[in-house]
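Notes to accompany the following structure.
Derivation of every value follows stated rules applied to the coordinates shown; laboratory data play no part. Nothing here was measured: the structure is a model prediction, and the numbers come from that model. Virtual Cβ from ideal backbone geometry, glycine too; neighbours counted across all protein chains shown.
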């Protein structure tokens, strides 16, 4: 698949932009998305990491904290977990941090959780991204029934942002024409990277949607025409010098989500615990080995 077709597939039909704040039903999109990446040590992922992260979830739940976050685990690339939290503004992010600091019980619980979690990690980094409305198309916020996340990063060559902007706007117009059900959001990295990074997040119910997206490329190409596709190839080559695509799975045991999500899909977000089998009297009397 060509670079351009991979770009198209990354922003094809899906519900995009992870809105994990309490204001999921608000009419305007949250502007700031903070992403923390945790790279786990070999052999320290899975159940061990889930157990460590449950301490954070329990602390937030006990405090009835109003800021939620979503965890996704990597299916491709280096083993890692992304934690995504969105805010209406940078000021809202600041106020949330200040509120945590002023809550001694929550702060102490989080400190204990950080120490235990740190024993499992190789590295941690953070990035902050800002929603770009003009480069987005009808983004929607309800992803409570989603299961996978496709994360695509594009690095724009210095001095070529205008070509990138033109490229995305042409793609947007093409999808409006060919696939009116399409939705996506584009975010620009403001802090934590080398600059010039744009992020596209595509949430999916099933991985089969990727197969459908590949089929939709044909509809898009037909709508654009030969000249239009040639123009997109030229703009892509002129503006993008790196692009990377990875796949993640939603991780309910590490996520602290809005109760509305749990109500919408309790079997996924809050699975029932197995009921232990009661021991018989005779079993209790047996000598322990």
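Using the Cβ-Cβ distance between residue 64 and residue 147 with R0 set to 22 Å, the FRET efficiency works out to roughly 0.25. Taking R0 as 41 Å, what FRET efficiency do you get between residue 173 and residue 124 from their Cβ-Cβ distance, rounded to the nearest 0.05? Efficiency, from the Cβ-Cβ distance: 0.55. A prolate overall shape is assigned to region 3-262, the ratio a/c of its alpha-carbon gyration tensor axes (a ≥ b ≥ c) being 1.5 or greater and a/b exceeding b/c. Subtracting the Cα-Cα distance of residue 76 and residue 206 from 0.36 nm times their residue separation leaves 45.2 nm of extension gain.
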